[in-house]
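Just below is one structure, and these are the notes that go with it.
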Amino acid sequence: MLSFSSFVFSCRMRLLKLKNHKFVVILSILLIVALSIWGPPAYKESWLDPFSTLNVPNRELHPHAINKLGMINSDDPFHSLYYTNEDKIRELMRNLQRATRLSASEQTLLDLENQKVQYFTLHRDPSSYHEEEDFALQYYPEKGIVHFHQLFFRINEASIYNLTQISSEMTTGWWK
């Protein structure tokens with residue numbers, strides 16, 4: 001069993017070994033500090049993510065930067081709603097990555113004229129990587145179809161669940 005004095009002596013000896021490698025120690029500390037400062041914002045912006053959300057590359061859409069959802073229901077167009085829970089919004093954006101695009105023949109067979117529609121606005125705040133921008137998304141809950149960037153997508157059950165859960169938890173008004 002080591003005594004306290006032998007422990008202190010062994011720590012001093014280890015520090016003396018590092019004294020000879022000052023440059024490497026300082027460089028590694030600088031690297032760790034730089035990664036801890038730059039890493040989280042770079043990951044949040046998701047430009048490292050190779051996937052695409054609703055046929056838009058993540059480097060253009062930045063799904064991790066979407067932090068607010070606005071909604072207008074076709075049944076009551078004068079009653080706007082918004083949602084700001086970023087964890088649920090990120091989960092929705094992850095699920096929308098798995099949406100399948102409808103072919104041209106499937107799009108012609110769609111009868112969406114008299115369908116209930118929910119108009120969503122995907123909002124991202126400005127940062128050092130991109131400007132503030134809103135993306136329009138139309139959701140047809142009875143068909144499980146999303147219209148985004150002039151394309152129609154069939155969404156999976158997880159996305160439908162997220163959208164219904166978000167719709168039920170929205171706040172009246174619009175974000176400021």
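Each residue of segment 93-98 is assigned a 3J(HN,Hα), and the resulting list reads 5, 5, 6, 5, 5, 8 Hz, derived from the Karplus form 6.51 cos²θ - 1.76 cosθ + 1.60 (θ = phi - 60°), x at Gly and Pro. For Arg154, the accessible area of its heavy atoms, probed at 1.4 Å with every protein chain present, is near 100 square angstrom. Here the chain is scanned for GluC sites (Glu not before Pro) in DSSP loops (not H, G, I, E, B) that have at most 13 other Cβ atoms within 10 Å, and the longest stretch holding none of them is 1-112. Sticking with the crude label model, points 7 Å out along Cα→Cβ, report the distance from Val25 to Arg12 in nm, one decimal please. Computed distance between label sites Val25 and Arg12 equals 1.5 nm. When the Cα positions of Phe7, Gln118, Gly70 are compared along the charge dipole of the chain, Phe7 comes out farthest toward the positive end, with charges on each C-beta of Lys, Arg, Asp and Glu. Rounded to the nearest 10 degrees, the angle from helix 4-19 to the longest Cα principal axis of the chain is 70 degrees. How would the chain be classified by its alpha-carbon gyration tensor: rounded, prolate or oblate, with rounded meaning a/c under 1.5 and the a/b versus b/c comparison settling the rest? Prolate is the answer for the chain, as a/c is 1.5 or above and a/b outweighs b/c.
Across Arg14, Arg90, the residue with the most accessible area heads the list, and the full order at a 1.4 Å probe is Arg14, Arg90. Spin-label model, Asn114 to Tyr161: label points 7 Å out along the Cα-to-beta-carbon direction sit 3.3 nm apart.
Shown in residue order for segment 126-142 are the 3J(HN,Hα) couplings computed by the Karplus curve 6.51 cos²θ - 1.76 cosθ + 1.60 at θ = phi - 60°: x, 8, 6, 9, 7, 8, 5, 8, 10, 10, 8, 9, 10, 10, 9, x, 6 Hz (x for Gly and Pro). With every protein chain left in place, what is the accessible area of Met71 in Å² (1.4 Å probe, nearest 10)? Near enough 10 Å² of accessible area. The helix-based estimate of mean residue ellipticity at 222 nm for the chain, built from -39,500 (n - 2.57) per DSSP H run of four or more residues and divided by its residue count, is -13000 deg cm²/dmol to the nearest 500. Along segment 108-120 the Karplus relation, 6.51 cos²θ - 1.76 cosθ + 1.60 evaluated at θ = phi - 60°, assigns HN-Hα couplings of 5, 7, 5, 10, 10, 4, 9, 7, 5, 10, 10, 9, 9 Hz to successive residues, with x for each Gly and Pro.
In the context of the full protein assembly, Tyr161 retains an accessible surface of approximately 130 Å², using a probe radius of 1.4 Å and ignoring ligands and nucleic acids.
As a calculated quantity, the FRET efficiency between Ala104 and Ile37 at R0 = 45 Å, using C-beta atoms, amounts to about 0.40.
The values are calculated or read from the model by the stated rules, or taken from the named source; none is laboratory data. Bear in mind that the values here come from a model prediction, so they are computed numbers and not experimental data. Every residue, glycine as well, gets a Cβ built from its backbone with ideal geometry; the counts of neighbours run over all protein chains shown. To get the accessible areas, we keep the full protein, side chains included, count just its heavy atoms, and leave off ligands, DNA and RNA. Shrake-Rupley method; radii C 1.70, N 1.55, O 1.52, S 1.80 Å.
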